[in-house]
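Structure record follows, encoded as structure tokens.
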Amino acid sequence: MANKYQVDGLECQLWIEKFKKELDNENYLECTKIVQVMNRESLRSVCKDVELLLKKFSNTHCIVEAIFLRFDEVQEILNVDMVVIGIIQWHMQACINTRNLKKTNQMEELVKSCEQLLKTMPYQLRHRIYHYCRDKLREITFVLDELAKIVKLNNTFCKNNFRDDLCEIAKVCKAHVAKIDKTKESLRNHKNSQNGFSYDELEQRLFDESILLHSLGELDEFQKIHLYFENSKKTVSLLKKVLLSFNNLKKDFLFSKYVLDGLEMQVILNHLSNSLTSVMEWIGIKYDAFQEQRQAVDEIAQTSPREENDGRKRVVSEFGNPRPTTVSVSEREELERLRYEIQNLRKEVSEQKRVITELTKRENDLKIRLRDQASRNVKFGGNSKFEDISLMEYRPSRLVERYENLFSTVRFETMESLKKIRELENLSELRNKILLSVLVLAQRSAEDSLQDLQNKWRSLLYMKDKQGQSIEAASLDDAISHYLRRTIPQYDNSQNIQQVHNQICQALHEFPGLHSSQALVGYVAECVQLCWAFVLQKPRFILKHEVDTLNPRLLRRYHSSDENSNSIKSLIWPSLTEGVDGPCLFKGYVIT
């Protein structure tokens, strides 16, 4: 294991960093090439984040194909079930989009990629996929059957209801058609009853009757024609009414082309019929059709819209007097009460809408304030527990995990490699001090590098020390620190690695095997990179390597310690805290 780490320690980290850089730049073809040539350990690290690749499967399917071509190397660590289910879901979505006339080259390529991945699965996985798809298909089929039954019942219910409604509408339409036919027949009979009298003929007859009346007015002495004089006077009066009705009817016919409906025209004809009937009855002409026509028009008028005025409903017409239809006092009081309740309900609804609008506005303002506060906490650190997920392996929680892995795995492997050096074979305590010294020197080197970098940009930007900084300068300082945290993988730590390695080799020059130990170089590189990330956190992560007493909050006993003693003999591994007096992130180990 140690030899493997000697060969692949730095190389594995370089492969992973290169892969993540290309993935962030959305250069998926280059990522595929990297997956094809990277070593096994790097590939296993990539497979831990395969869920991120599945979320962008439409673009990263070529990377997943390359991973599955090396399936034997990652079979133990890869969550195959999750990957297979994700591929099946993407395949179904791509097929649906293709059928819905959204067929594109990308969709065709995605479908082919999904099919190719499913074909490359081992027999056991394909068998498991088959059973998974079959179970899901059964569930979908059951749901579709239930939906079909519900739709069928709803269709039957709707058909029955529509059939009843259509029958009622048909009855009403037939009744209206019968009334209209009766009205047409009455109008036809009325036209025939005029005996060919036109408007001009009636006007001429009125003129003749007026002349005759004027002539006969001078013959009062003739008693024989007195009765004829009175009759002519009545005839002239009735003919004036008829001509007035004709003139109004002519105007209303022109206006009805744009405004009036058929029902109002029937009301107008009704009044005209009344005038003509009066004339014909006076001159001795009887026709029962006029009475039938009046009854039909009255029935239609009773079902027509009415205007409400002073508690009464009236049929409004341009001619004649309106016919009032009285409403009882109790009904009028009920209407007034309902109007009052409706007004109160409208006021309540308006008030509730206003309250809802105000609360919604306050909620949105509060969300904006909380989002801004959370964004500032994520961006500039502080005591907030928010983490910037885009930092990936360098966010605080993952740094603590890496520090724990440095102690439990990397330190143990390096210890075993140093044991193979002949001068250090039987010096286990010295080997432990060497590894502890590397970690302490790495922290000091990272702190010195950050201090030099801060002095350079503050000098370049003419910024004062932190105690005398303005608000703008402090904001700029925080922004630069935030930028350094986001660019941890790109920062060149080679000088710090070389510096720490040289310090260890010069201090232990009597052990020349340390200078050529690749395991030690890899351990130094991991410590330097991790310490550089520690010093960039806000608040800064501190390594507590100077201890005098056993503090249970920061330290715990190593397995070879004396449980009955509290005096510290040696420090195995320093504790990690958030700030100087902040919470402990990882407890150190001591021998008591």
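What follows is calculated from the coordinates using simple rules that are stated; it is not laboratory data. Because the structure is predicted, anything quoted here is derived from the model rather than measured. When we count neighbours, we look across all protein chains shown, and the Cβ atoms used for this are built from the backbone with ideal geometry, even at glycine.
Listing for the model above:
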read-out: Summed side-chain charge close to residue 420 - residues other than residue 420 whose Cβ falls under 13 Å, Lys, Arg +1, Asp, Glu -1; value: -1
read-out: Value of relative contact order over the range 394-528, rounded to a whole percent, pairs C-alpha under 8 Å and six or more apart; value: 40
read-out: Residues 447, 401, sorted so that the one with the fewest Cβ neighbours within 10 Å comes first; value: 401, 447
read-out: Ranked 30, 413, criterion: other C-beta atoms within 10 Å, fewest first; value: 30, 413
read-out: Gyration tensor (alpha-carbon) shape descriptor, the range 539-592, a/c threshold 1.5; value: prolate
read-out: Three-way shape call for the range 459-550 based on the alpha-carbon gyration tensor, with the a/c threshold at 1.5; value: prolate
read-out: Fraction of antiparallel bridges per DSSP, the range 526-592 only, in percent to nearest 5; value: 75
read-out: Rounded to whole Hz, the Karplus (6.51, -1.76, 1.60) HN-Hα couplings of the range 430-437, x for glycine and proline; value: 5, 4, 5, 5, 4, 5, 5, 5
read-out: Amide H within-cut-off set for residue 575, under 5 Å, with H built and near neighbours excluded; value: 544, 588
read-out: Whole-Hz couplings from phi, Karplus 6.51/-1.76/1.60, listed for the range 552-566; x for Gly and Pro; value: x, 6, 10, 10, 9, 6, 6, 4, 8, 8, 8, 5, 8, 10, 10
read-out: Links that overshoot a 28 Å alpha carbon limit, given the list 18/544; 48/544; 367/456; 18/48; value: 18/544; 48/544; 367/456
read-out: In order through the range 508-516: 3J(HN,Hα) via Karplus (6.51 cos²θ - 1.76 cosθ + 1.60), integer Hz, x for Gly, Pro; value: 10, 5, 6, 10, x, x, 5, 5, 9
read-out: Highest average packing first - 550-557, 525-532, Cβ atoms within 10 Å; value: 525-532, 550-557
read-out: Semi-axes of the equivalent ellipsoid for the range 394-528, Cα gyration tensor, largest first, Å; value: 36, 16, 11
read-out: Local electrostatic count, residue 556, Cβ distance below 12 Å [Lys/Arg +1, Asp/Glu -1]; value: +2
read-out: Neighbour-count order for 403, 483, fewest beta carbons within 10 angstrom listed first; value: 483, 403
read-out: Length released on extending from residue 570 to residue 456, taking residue separation times 0.36 nm less the Cα-Cα span; value: 37.2 nm
read-out: Span per principal axis, largest first, for the Cα atoms of the range 391-432 (Å); value: 42, 14, 10
read-out: Farthest positive-ward along the range 456-592 dipole, Cα basis, beta-carbon charges - from 550, 530, 513; value: 530
read-out: Distant-in-sequence amide H partners of residue 70 (H built 1.01 Å from N, under 5 Å); value: none
